[in-house]
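The next block holds one structure in the form of structure tokens; read it before the comments.
The values are calculated or read from the model by the stated rules, or taken from the named source; none is laboratory data. This one's a predicted model, so the numbers in the text were calculated from it and none came from an experiment. Here the Cβ is made from the backbone with ideal geometry for all residues, glycine too, and neighbour counts use every protein chain on show. For the accessible areas, the whole protein counts, side chains as well, though only heavy atoms, and no ligand, DNA or RNA atoms are used. Shrake-Rupley method; radii C 1.70, N 1.55, O 1.52, S 1.80 Å.
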Amino acid sequence: MIIPKDLIQILRSAKFVTALTGAGVSKESGIPTFREAQTGLWARYDPMELATPLAFKKNPKLVWKWYQWRRELISNAEPNPGHYALTELELRVPKFTLITQNIDGFHKQAGSKNIIELHGNINRNKCFDEGIMVDSWKDNDAIPPHCPNCGGLIRPDVVWFGENLPSVVINDAIHAAQTAEVFFSIGTSTLVHPAASLPIYAMNGGAIVVEINPDETPISQKVHYAIREPSGKVLPHLIQQVWNV
Ligand code: OAD
């Protein structure tokens, strides 16, 4: 796999680099991507019908159990070389911002620091009614557990379909895209907004846009570089080619 020579040169001198990641980055950790079929007893459910406030109100137990299943998947997996390569990239670039749509927490686990978690984090929980973060509760046998503050139901701290992203989060992400000299779009189908508009903000801000994805996406024809390989393979190789590490 060849990293274009001019991209290597650009990265060596770049000061502001931003990366947007999606489920594809965690694929090589064994976590199915968002749009891959669900497995086992969850095969018959469509994530789009589970990850909504309405679904939780209708059947909180089912939605909570689904997230417990996903938490189990994630706790039995770990970051892959693609995650660690992004940690290395952050050490080599004066200003690096990692924007992720993933809720698995693997970027943090791999050592990345400047992370914007667009869609939240499955390892955090909050009260459905008050929105306050809840990290412990008494009634461990209740499914879902109850908020120690108001008795309401506890939910994962993730963005559900039909919910808005916190404005500070999306504004920070847009700023990081608009000010980037190089913008990576890695392992995302760029289908879900507002995340999917970030590569366009970057392009309009004059960034060199690099897509790393084995498959085509709606931005593939617009980006400056499209590397059609898995991120767990490309990213370590790219770091090695640019900074000889
Ligand atoms: P998707 O499942 O939509 O897309 C994953 C992308 O990763 C696809 O384009 C795959 O081709 C690509 N891919 C697969 N294996 C890869 C690999 N080894 N290396 C690189 N790329 C690979 O997941 P997302 O784009 O992350 O939102 O989905 C975005 C959002 O849609 C999710 O965060 C979720 C969903 O609605 C919420 O839950 C709010």
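Couple of notes before you dig in:
- Within segment 1-37, considering residues that are touching an Asp or Glu at 6+ places or on another chain (Cβ under 8 Å) and at pLDDT below 95, the one most open to solvent (accessible area, probe 1.4 Å): Met1
- Residues located in segment 211-245, provided they are closer than 17 Å to Gln9 by Cβ and at pLDDT 95 or above: His224, Tyr225, Ile227, His237, Leu238, Ile239, Gln240, Gln241, Val242, Trp243
- Where strands (runs of 3 or more DSSP E) fall wholly inside segment 56-148, the ranges with 3 or more residues that are modelled with pLDDT of 95 or more and of a type outside the set (A, V, I, L, M, F, W, C) are 95-100, 120-127.
- Members of segment 149-168 that are open to solvent by 30 Å² or more (accessible area, probe 1.4 Å) and without any contact (Cβ under 8 Å) to a residue 40 or more places away in the chain: Asn149, Cys150, Gly151, Asn164, Pro166, Ser167, Val168
- Filter result for the condition that a residue is more than 22 Å from Pro214 (Cα to Cα) and open to solvent by 80 Å² or more (accessible area, probe 1.4 Å), over Leu91, Leu62: Leu91
- Among residues of segment 210-224, those that are surrounded by 16 or more Cβ atoms within 10 Å (Cβ to Cβ), within 15 Å of Leu191 (Cβ to Cβ) and within 10 Å of the ligand (Cβ to nearest atom), counted: 3
- Test set (1) open to solvent by 70 Å² or more (accessible area, probe 1.4 Å); (2) within 12 Å of the ligand (Cβ to nearest atom) - Asp141 fails condition number: (2)
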